[in-house]
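To start, the structure itself, in structure tokens.
The values are calculated or read from the model by the stated rules, or taken from the named source; none is laboratory data. These numbers come from a predicted model, not from an experiment. Cβ sites come from the backbone with ideal geometry, for glycine too, and all protein chains shown count toward neighbours. Ligands, DNA and RNA are stripped out before the accessible areas are found, and what is left, the full protein with its side chains, is counted by its heavy atoms. Shrake-Rupley method; radii C 1.70, N 1.55, O 1.52, S 1.80 Å.
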Amino acid sequence: PLSARILEASSRHPPEVEGASAVMTPDGGAVLENAHLRVAIGDHGMLSSVWDKRAGREVLKAGALGNKLELFEDRPVSWDAWDIDIFFEDRGEIISALNSLEISEAGPLRATVELTRVFRRSRLTQRIRLCRHSARLDFCTEVDWHETHLLLKAAFPVSVRATRAEFDIQWGQIDRPTHRNTSWDAAQFEVPAQKWADLSDGDYGVALLNDCKYGYDVRDDVLRLSLIKSATMPDSTADQGRHRFTYALLPHQGNTRTEVRREAYALNLTPRVFPGPGQGTAPATPLIGCTSQRVVIETIKPAEDRDGIVVRLYEAHNTRGDVTLALHPAVVGVERCGLLEDGGEALEVTDGSLTLPVSNYEIVTLRLRLQGGGPARARH
């Protein structure tokens with residue numbers, strides 16, 4: 001995500017490949033489809049099937065519905081704005097009202113079904129979106145919210161069973177049990193996380209991604225994301241008004257951490273396009289890159305003392321060993337320093353690359369010295 005490239009308009013047509021499509025069904029539902037997934041949406045607006053063509057399997061639990069929007073009465077014993085108590089599930093309902101369902105985009109690059117739900121005093125609009133080359137199913141959501149002491153969650157029962165789920169945190173991930181066998185397990189029912197939660201078995205999994213919501217719960221085979229919590233203390237108007245956010249369902253195979261993390265970054269760091277100097281410009285070279293999927297380059301910023309550029313990266317796969325970093329030609333020196341950007345150990349750079357030993361979940365901070373003392377020619 002931390003790089004740039006030159007885009008040029010072309011009159012050439014791309015080769016004919018399968019795109020994304022959307023069609024209405026006779027019962028009032030819809031089907032979204034691309035090369036990866038076939039998604040059936042019922043006349044109730046919920047997912048009745050997500051068929052993974054690559055794996056030849058159903059993503060949703062047999063007989064279950066996905067993207068269920070659930071409302072729960074939320075009155076914690078204390079700390080109204082911060083706590084969710086374990087008994088919140090005692091009183092709940094599913095938002096079943098559906099006021100409209102129609103196709104708003106029919107491909108070939110993107111297919112979208114738009115639906116509207118009006119419930120109680122609030123209104124929710126969702127654009128369920130499937131893009132041409134991705135197995136990620138996006139739920140672009142706008143809510144005009146006027147409820148209090150209600151907790152809104154999105155639920156996805158999936159056909160994956162695992163005793164533990166993984167959750168994204170800053171500089172790594174944590175895992176939590178999917179059962180409540182002990183009091184310790186039960187106490188971890190709501191998990192703070194950042195970009196994703198993932199439930200995987202040996203070679204297949206389903207992740208629930210988001211771009212700004214940070215509370216998950218995973219119990220047995222149900223992935224849920226907390227969307228809105230409308231407390232009244234200390235702010236009596238908390239969460240009132242308009243909300244805009246996106247969450248996404250991602251079935252995946254193979255190296256789960258690599259694909260889930262890549263799609264989560266793509267959801268959170270969408271491309272930004274700027275006018276350039278025109279044709280003939282040399283391609284932009286990244287300031288730094290890594291050939292290994294084990295390492296995530298998380299931060300590129302000016303040093304706090306304005307002496308060089310600081311790069312912060314971390315090991316994400318719980319492994320150890322050397323990784324190779326490719327450097328921009330403007331980088332003339334690299335130092336390994338502390339998190340506070342103090343100290344510094346010079347590292348050897350050979351032919352524009354650097355070999356760095358990295359241990360399990362290690363966070364590494366590097367200071368890059370640039371030719372001429374500034375980053376004017378380095379794109380990051």
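Which condition number does ALA154 fail, the rest of (1) at pLDDT 95 or above; (2) open to solvent by 40 Å² or more (accessible area, probe 1.4 Å); (3) among the small types (Gly, Ala, Ser) being met?
That leaves (2) as the condition not met.
Is one or more of the residues making up the stretch 41-56 over 30 Å from ASP201 (Cβ atoms), open to solvent by 50 Å² or more (accessible area, probe 1.4 Å) and outside any helix (DSSP H, G or I)?
Looking through the stretch 41-56, at least one residue is over 30 Å from ASP201 (Cβ atoms), open to solvent by 50 Å² or more (accessible area, probe 1.4 Å) and outside any helix (DSSP H, G or I).
Provide a single number: the residues in the stretch 312-325 that are closer than 26 Å to ARG369 by Cα and open to solvent by 50 Å² or more (accessible area, probe 1.4 Å).
2
I need the strands (runs of 3 or more DSSP E) fully contained in the stretch 294-347, keeping only those with at least 1 residues that are in contact (Cβ under 8 Å) with a residue 40 or more places away in the chain.
On the way: elements: 295-302, 309-315, 321-327, 331-337, 345-347.
Those strands (runs of 3 or more DSSP E) span 295-302, 309-315, 321-327, 331-337.
Hey, among the residues in the stretch 89-112 that are more than 26 Å from the chain's Cα centre (by Cα) and among the hydrophobic types (A, V, I, L, M, F, W, C), which one's most open to solvent (accessible area, probe 1.4 Å)?
Only one residue fits best here, namely LEU98.
With the structure loaded, tell me whether ARG136 is within 20 Å of SER230 (Cα to Cα), open to solvent by less than 40 Å² (accessible area, probe 1.4 Å) and in contact with a Leu (Cβ under 9 Å, 6 or more places away or on another chain) or whether it fails that test. Step through it out loud before you land on a result.
Values: within 20 Å of SER230 (Cα to Cα): no; open to solvent by less than 40 Å² (accessible area, probe 1.4 Å): yes; in contact with a Leu (Cβ under 9 Å, 6 or more places away or on another chain): yes.
So ARG136 fails the test.
Given the conditions (1) surrounded by 15 or more Cβ atoms within 10 Å (Cβ to Cβ); (2) within 29 Å of TYR204 (Cα to Cα); (3) under 22 Å from the mean Cα position of the chain (by Cα), and given that LEU124 satisfies all but one, which numbered condition is not satisfied?
(2)
Which condition number does SER78 fail, the rest of (1) modelled with pLDDT under 95; (2) under 30 Å from HIS36 (Cβ atoms) being met?
All conditions pass for SER78, except number (2).
Examine the stretch 236-246 for a residue that is farther than 11 Å from TRP196 by Cβ, in contact with a helix residue (DSSP H, G or I) (Cβ under 7 Å, 6 or more places away or on another chain) and open to solvent by less than 50 Å² (accessible area, probe 1.4 Å), and state whether such a residue exists.
For the stretch 236-246, residues farther than 11 Å from TRP196 by Cβ, in contact with a helix residue (DSSP H, G or I) (Cβ under 7 Å, 6 or more places away or on another chain) and open to solvent by less than 50 Å² (accessible area, probe 1.4 Å): present.
Can you tell me which residue among VAL191, VAL206 is open to solvent by less than 10 Å² (accessible area, probe 1.4 Å), out of contact with any Pro (no Cβ under 9 Å at 6 or more places or on another chain) and of a type outside the set (Gly, Ala, Ser)?
VAL191
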